[in-house]
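Here is the structure we will look at, set down as structure tokens.
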Amino acid sequence: MMLSQLDATQVAVLVVGILLIALILWYFFGERERTIAEEGTGGVQQVKIRVKGGYSPDLIVVKQGRPVRLDFYRDETASCSEEVVFGDFGIARPLPAYETTAIEFTPDKAGEFTFTCGMNMLRGKLIVEPA
Ligand SMILES: [Cu+2]
């Protein structure tokens with residue numbers, strides 16, 4: 001009787017441990033939800049991004065060769081997020097707190113590009129699909 005109860009507890013601990021590990025792996029390595037840019041008037045691909053301790057959404061899909069407009073709304077004053085950098089496209093822009101800053105460019109190359117804060121801590125990914 002005692003032995004089987006102990007086993008059940010051990011199994012429960014093991015299951016919880018495995019679930020926690022799976023959750024941690026998913027958090028760091030799992031595929032983020034993709035946000036596909038919507039084409040507005042004039043064929044501009046637009047996405048609104050909230051900046052608060054990170055970028056949300058942080059995985060954005062656009063098409064190559066068409067203008068892109070990313071509206072960054074910085075919903076905090078934490079200095080970490082005061083700048084956003086798209087290194088592959090030569091863009092670095094300040095983001096004033098509680099304001100929307102539009103970043104406009106036309107991705108001329110396809111691939112996966114990381115965008116970050118000025119300190120390279122907050123990260124997001126821009127996927128440019130080939131035209
Ligand atoms: Cu930072």
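No value in this document is a laboratory result; all are computed from the given coordinates. Since this is a predicted model, take the numbers as computed values, not measurements. Counting neighbours? That spans all protein chains shown, and the Cβs are built from the backbone with ideal geometry, glycine included.
Give the residue that is farthest from VAL85 (Cα to Cα), with candidates limited to residues of region 97-114 that are over 17 Å from the mean Cα position of the chain (by Cα) and aromatic (Phe, Trp, Tyr). It comes out as TYR98. Taken over region 60-72, the criterion of being more than 21 Å from GLY111 (Cβ to Cβ) and surrounded by fewer than 16 Cβ atoms within 10 Å (Cβ to Cβ) is satisfied by ASP71 alone. Within region 74-92, one or more residues are without any contact (Cβ under 8 Å) to a residue 24 or more places away in the chain and assigned to a strand (DSSP E or B). Just one of the listed residues (VAL61, VAL47, VAL15) is more than 16 Å from the ligand (Cβ to nearest atom), outside any loop (DSSP other than H, G, I, E, B), in contact (Cβ under 8 Å) with a residue 40 or more places away in the chain and out of contact with any helix residue (DSSP H, G or I) (no Cβ under 9 Å at 6 or more places or on another chain), namely VAL61.
Contact map, region 100-118: first residue over 15 Å from ALA131 (Cβ atoms) and without any contact (Cβ under 8 Å) to a residue 24 or more places away in the chain, second residue away from the ligand (no atom under 16 Å from the Cβ) and β-branched (Val, Ile, Thr), Cβ cut-off under 7 Å, separation 6 or more or different chains; pairs are GLU112/ILE127. Residues in region 107-125 that are farther than 11 Å from GLN64 by Cβ, out of contact with any Asp or Glu (no Cβ under 7 Å at 6 or more places or on another chain) and more than 13 Å from the ligand (Cβ to nearest atom): GLU112, THR114.
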